[in-house]
1. From the set of residues in region 160-180 that are out of contact with any Pro (no Cβ under 8 Å at 6 or more places or on another chain) and surrounded by 23 or more Cβ atoms within 10 Å (Cβ to Cβ), which is nearest to ALA225 (Cα to Cα)?
2. Restricting the search to region 183-192, which residues are assigned to a loop (DSSP other than H, G, I, E, B) and either small (Gly, Ala, Ser) or in contact with a Gly (Cβ under 6 Å, 6 or more places away or on another chain) (or both)?
3. Select from region 162-178 the residues that are of a type in the set (A, V, I, L, M, F, W, C) and touching a residue at least 24 places away in the same chain (Cβ under 8 Å) and list them in ascending order.
4. If you go through region 343-384 one residue at a time, how many are charged (D, E, K, R) and either more than 19 Å from the chain's Cα centre (by Cα) or not assigned by TED's automatic domain parsing to the domain that holds LEU217 (or both)?
5. Within region 366-378, does at least one residue satisfy the condition of being touching a Leu at 6+ places or on another chain (Cβ under 6 Å) and under 12 Å from ASP228 (Cα atoms)?
6. Report, ordered by the first and then the second residue, all pairs with beta carbons closer than 6 Å, sequence separation of six or more or different chains, a first member in region 179-207 that is basic (Lys, Arg), and a second member that is surrounded by 17 or more Cβ atoms within 10 Å (Cβ to Cβ) and not in a strand (DSSP E or B).
7. I'm trying to understand the selection: among the residues of region 357-368, which are surrounded by fewer than 21 Cβ atoms within 10 Å (Cβ to Cβ) and under 24 Å from PHE71 (Cα atoms)?
8. Under 8 Å between Cβ atoms, at least 6 apart or on separate chains: pull out the pairs that start in region 258-270 with a residue that is over 14 Å from GLN299 (Cα atoms) and end on any residue that is in a loop (DSSP other than H, G, I, E, B) and at pLDDT below 85.
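The values are calculated or read from the model by the stated rules, or taken from the named source; none is laboratory data. What you are looking at is a predicted structure, and each value in this text was computed from that prediction instead of being measured. Counting neighbours? That spans all protein chains shown, and the Cβs are built from the backbone with ideal geometry, glycine included.
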Amino acid sequence: MVARMLRIEHDTDPRPATKRYADALWAANPRLSPDWWRELQGHTVGKLALDWRHTCHQPALLTEGCNMVLFSVATAAQAHTHIQAMPTPAAVVAVMHDADPAVIARTPATFGIWHQPAGLGAAARAQGLVALEAAVKQGTLQAYGLTLGPACTHPLHVWMHEAAEAAHHVWGRRKRPGLRLLAAQQDLLHLELFTHPSTLHHAEAVSPLELAARLGLSTLLLPLAMPDETLSQPSAAALAALTQAAQTEAALLESLGGWPQVQGQPLFSLLAALGQGQPPWPTPGVWQAWQAHVWPQLQAQWGALAVPPAATAARQAYIRALTHLLAQGPALAQAAAQPLLAQALAQLAPRLPAFWQAQSPQAQAVAILSGLAGADCLALAAPFPLDLFRFQPGLPDAAAVLAPAA
């Protein structure tokens, strides 16, 4: 009996599966950068994660140091297949990302991140948080997180208070809630979650990512836009939808004899934006906020607006064209972002170390974003050169690179 107990103790490795995975990779790759690994809520993960919400790219990287995966309902089955094909599936930190807390709560994963819709009322927020906290109590999830981005206007400190109330409801006592992660929708065009003091910590105004760091939350960056030449030109379908919307707006303008106003302000106009020299479509961050907050108001305003009978058909055609255009919004937004990202990197690249100055715009953006203070992991939705980041000994000083010019 004694020998049996000694054998069990000798064979049992107390290290978590992700730590054993990291140690084994480090032993097999002595050149691996010490900056590659990050500690995230008890797990050791590579600083670049695989964003598989739309497509499961580069599954071979699961065994090369990218052991954190973000997936969706659409990709859950394929992601599960890739993970189970690994020699050590337990070394993968699987993160379910969805807009429905009930779906997250019943999906086996390490963590679940709620992509909460904009404008949720108090009751809906409480219901979602209770469902996620219950999943933690039941062991379906180890912890859960929230998505913060341009469309989210609810301050993080209020979310934390509501999560504490949900934990009290689920556990029957006061305890730290299972809310331990944030998915921050940030990129080089949108860094407000790092820079803007839009939340509170003991009455002190701080940025959401500063508050997350102070409270011990882990942060996963989800870039809304990254440099990609293949996205610089929208598809023919997207351009056709944009052209159709502009043409129907011109016809409506002629039918009305002028553009309508609400409370002294003209309604949104594609033609007016073009006439002022503005891009015909916003960047992803602005588009996301516009879709969540502006478009519903615009629909309501056009629906309530009295127009002459002769213009009714033109108004209906315009609203149909705008509705059709919404489906092309993401592609148009990515195209709009590319020249702005190029301009941003043209200003930032000279501040980078020589090694990074010689890399591609995509690699430069990844290096800057993954070097931001408080960012634990950066999830990438497109293929990337892993070895460039695994073996490079250090990241650029993101704070110095992004600091305003003197």
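1. Of all residues in region 160-180, those out of contact with any Pro (no Cβ under 8 Å at 6 or more places or on another chain) come to 161-162, 165, 168-180.
Retained after the next criterion (residues that are surrounded by 23 or more Cβ atoms within 10 Å (Cβ to Cβ)): 177-179.
Values: PRO177: 32, GLY178: 30, LEU179: 26 Å.
Of everything passing the filter in region 160-180, LEU179 is nearest to ALA225 (Cα to Cα).
2. GLN185
3. ALA163, ALA166, ALA167, VAL170, TRP171
4. So the answer is 1.
5. No.
6. ARG180/GLN41; ARG180/LEU217
7. Within region 357-368, GLN362, ALA363 qualify.
8. Filtered contacts from region 258-270: TRP259/SER269; LEU270/PRO280.
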